[in-house]
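Quick notes on the structure that follows.
The values are calculated or read from the model by the stated rules, or taken from the named source; none is laboratory data. Here the structure is a predicted model, which is why all the values come from computation and not from measurement. Note that we place each Cβ from the backbone using ideal geometry, even for glycine, and neighbour counts take in every protein chain shown.
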Amino acid sequence: MGIFGYYPHNSSTEDRELEKKIFRHSLLLPGIFVLLFWLVKLTEILLDTSFVTGGVLPRSLRGLTGILTSPFIHSGYAHLVSNSLPFFILFFALIYFYRKYSYRIFWQIYLISGLCVWLGGREAWHIGASGVVYGLAAFHFTSGIIRNDLRLLTVSIVVVFLYGGMVWGMFPINPDISWESHLWGAASGVLLALYYRKYNIKRKPYEWEEEPDDEDPADPETSEKYPLKKSDALNTTTTGTGPSFTSGSYSSSIHQVPNNNASGENGKLNTE
């Protein structure tokens, strides 16, 4: 990822402009992925065809390539919409908060979850990006809990608030849903969070984020450091502003639309 090569390893050298650049670039790759999701669906419609056979077919050489291609294939618009927004948000958060480790973590979740489905899933076509979504959500939640970092703990709380209902997708309730993808995705996310728990990703605060010292300029011990003018001596009260935080709610359904008996080798389709 050459365009991200300037990400600093020493966060203390960052400034506001660089932080803005990192924020913007953190949007880029998730946006490209989601755009490709929609382009694949549009291509299916224009060609009046189905790419379902590009999914994962467990323990079949033909279905092995689906480990790479299945996240781009969705059974319908509802399936696509339910995966697009959480994928974008969680992938963005991964890049923004985990910086130089984010791509490694993403591709490990992507490949491990798909490989586990290929090894242990039901004999059916498994398609959709929600296996990766479950992996990202589980990683954010677990990593935020085990790290002593307020920012990441906040991300964990947000993940639970927005996507806590996803846990039901890991149980074999609906035969048309690839619960195996959800389960293995979540498992890979938890394991990777534990593996990377000792990797240092803490960002040092910028100078403009640090709290001002509570030293009294009128104190004899600090008078040399903070010389007062006559006009200032009458009024040494200082005021400051802190960040305001507003919260809202967002709900994203992870439940997939039952397929219309799309046929593959075995006439069965599981959506993730």
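Look at (1) surrounded by 23 or more Cβ atoms within 10 Å (Cβ to Cβ); (2) modelled with pLDDT of 95 or more; (3) at negative phi and you find that Gly128 fails only one, number (3). Selection of region 168-192 for residues being within 28 Å of Arg147 (Cα to Cα) and at pLDDT below 95 yields Trp168, Gly169, Met170.
Look at Trp38 and say whether it is under 15 Å from Trp184 (Cβ atoms) and not aliphatic (A, V, I, L, M). Against the criterion (under 15 Å from Trp184 (Cβ atoms) and not aliphatic (A, V, I, L, M)), Trp38 does not qualify. When Tyr206 is tested against the conditions (1) at pLDDT 85 or above; (2) in contact with an Asp or Glu (Cβ under 7 Å, 6 or more places away or on another chain), the lone failure is (1).
Looking at region 96-110, is at least one residue surrounded by fewer than 14 Cβ atoms within 10 Å (Cβ to Cβ) and either touching a residue at least 12 places away in the same chain (Cβ under 8 Å) or under 16 Å from the mean Cα position of the chain (by Cα) (or both)?
Checking region 96-110: at least one residue is surrounded by fewer than 14 Cβ atoms within 10 Å (Cβ to Cβ) and either touching a residue at least 12 places away in the same chain (Cβ under 8 Å) or under 16 Å from the mean Cα position of the chain (by Cα) (or both).
Would you confirm whether any residue within region 42-50 is closer than 22 Å to Gly185 by Cβ and either in contact (Cβ under 8 Å) with a residue 40 or more places away in the chain or out of contact with any His (no Cβ under 7 Å at 6 or more places or on another chain) (or both)? There is no residue in region 42-50 that is closer than 22 Å to Gly185 by Cβ and either in contact (Cβ under 8 Å) with a residue 40 or more places away in the chain or out of contact with any His (no Cβ under 7 Å at 6 or more places or on another chain) (or both).
Applying the criterion of at least 2 residues that are of a type in the set (Phe, Trp, Tyr), surrounded by fewer than 18 Cβ atoms within 10 Å (Cβ to Cβ) and modelled with pLDDT under 95 to the helices (runs of 4 or more DSSP H) found wholly in region 1-92 leaves an empty list.
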